[in-house]
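Notes follow the structure.
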Amino acid sequence: MSGIYIHIPFCKSKCLYCNFFSVTNMNNVEKYFDTLILEINQRRNELLSEKVKTIYIGGGTPSCVDIKYIEKICSELARHIDFNEIEEFTIECNPDDVNENYVPEIKRLGINRVSFGVQTFNDDVLKVMNRRHSSSQIRKAVELSKNAGIENISVDLIYGFPSIEWNNWKNDVEEFLKLDVDHLSSYCLQYEKGSRIWKNLESGKITPKSDEVCNEEYDYLTARMRESGYEHYEISNFARNGKYSQHNSAYWFGIKYFGYGAAAHSYDGESRYWNSSSLAGYFAQFKKQKFESEAEKLSDKDKFNEFIMLGLRTMWGVDENKLSLFPERFVKNFIREVEVKIKFGEIVKKNNSFVIPEDKMIISDKIISDLFVD
Ligand SMILES: C[S@@+](CC[C@H](N)C(=O)[O-])C[C@H]1O[C@@H](n2cnc3c(N)ncnc32)[C@H](O)[C@@H]1O
Ligand code: SF4
């Protein structure tokens, strides 16, 4: 079982906070998709005996390129994988790209899940963020998707953003709930080096929110989501009606994934490898007939630490029965440390799994790193 990720590194404009790999110059779109086709074809052997269950087209902004390019990618993939096996096929969309024609088109390609980058419902803050959509466009895009029969819809919101006052954050959560969709991903603003907001922070133009305020916003979100029937199934993710992101869950469970496109990462169960994160580098990489990439083979210790980290980020936790897959000295160390955490209420044991309780999720990074083996 495995998942496929396709990176589309184009955006119509760059948001204040974002440092994901994307360019605003669209001159290379044609060449990029030709290279993607070359890449999928050159790497076809990796998919030979794989049961691919999920496809995720992310970015950048996949919805800002002509649908004919997405169609080309689907046709190429269909030569190497069985589309009948695909359970979840997601595309990331910016609300302003979605219109009456767009949703039926993506549906025709087999896409059954849309993830909308909403960030906030406050029109003034959307402008500060340099987003291109308004709050009314968010509601319209969701409605169009539902009307076209897309039942699995996710929304991204950012909390801890300096211009979002307490009441605005409450309003963002309430407006999300009114959308009546099954999935939310909500991330605390990260000041990524290279983003414009990072430069503003460095030059003292903005004052970041304190950790206490960010934690209060997170606590408010988790409480309202729980009251409203959503499961907090991963630190930053909430789902209703069992609509967990199957694609991301595969990352959290250490399942194989194959990433195509500039800056995309792959994991074949033993090694992680990744493509060049510049367009020129990516084009050069696939000019040769033989696939080569930078790679890192995971040691037993890396695999163990990753298993602990990924499990503890989720409500399913670390399955005790799976610990025997790892060297005994790692397991002994883990059990010794986890017992201390249990005493302090930072870990609880549920059935056969070690889990971080929801009220301690906010300090999960610290809890998890304490449990790593060195
Ligand atoms: C890479 S973006 C792609 C989605 C799409 N292009 C959009 O913006 O609507 C995925 C999500 O990452 C989140 N994100 C990006 N930069 C972030 C940052 N610096 N801090 C927190 N969240 C961020 C946003 O919520 C965004 O929707
Ligand atoms: S948040 Fe989305 S639209 Fe904005 S720059 Fe990043 S990838 Fe592009």
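Nothing in this text is a laboratory measurement; each read-out follows from the coordinates by a stated rule. These numbers were taken from a predicted model, which means no experiment stands behind them. Heads up, the Cβs are rebuilt from the backbone with ideal geometry, glycines too, and the neighbour counts pull from every protein chain shown.
Before moving on, here are some points about what is shown:
- Cross-link pairs exceeding 32 Å between alpha carbons, from the set LYS209/LYS301; LYS51/LYS127; LYS127/LYS288; LYS68/LYS209; LYS12/LYS146; LYS53/LYS297: LYS209/LYS301; LYS51/LYS127; LYS127/LYS288; LYS68/LYS209.
- Coarse-grained scattering of the chain at q = 0.08 Å⁻¹, given as base-10 log I(q)/I(0) from a Debye sum over alpha-carbon atoms: -0.43
- Taking the chain as a whole, the Cys residues whose C-beta sits 4.7 Å or farther from every other Cys C-beta are CYS11, CYS64, CYS74, CYS93, CYS188, CYS214.
- A P(r) calculated from all alpha carbon pairs of the stretch 1-126, with 5 Å bins opening at zero, reads 2, 9, 20, 23, 20, 14, 8, 3, 1, 0, 0 percent.
- Considering only beta bridges that DSSP places wholly inside the chain, some 40 percent are antiparallel.
- Listed residue pairs exceeding 32 Å between alpha carbons, taken from LYS107/LYS350; LYS193/LYS349; LYS243/LYS366; LYS287/LYS322: LYS107/LYS350; LYS193/LYS349; LYS287/LYS322
- The tail of the calculated P(r) for the stretch 300-370 beyond 21 Å holds 14 percent of all Cα-Cα pairs.
- Pairwise centroid distance, computed over Cα atoms, of the stretch 295-318 with the stretch 151-197, Å: 27 Å
- Mean Cβ count within 10 Å, highest first, over the residues of peptides 174-181, 59-66: 59-66, 174-181
- Charge context of TYR191, other residues only, Cβ under 15 angstrom, K/R +1, D/E -1: +2
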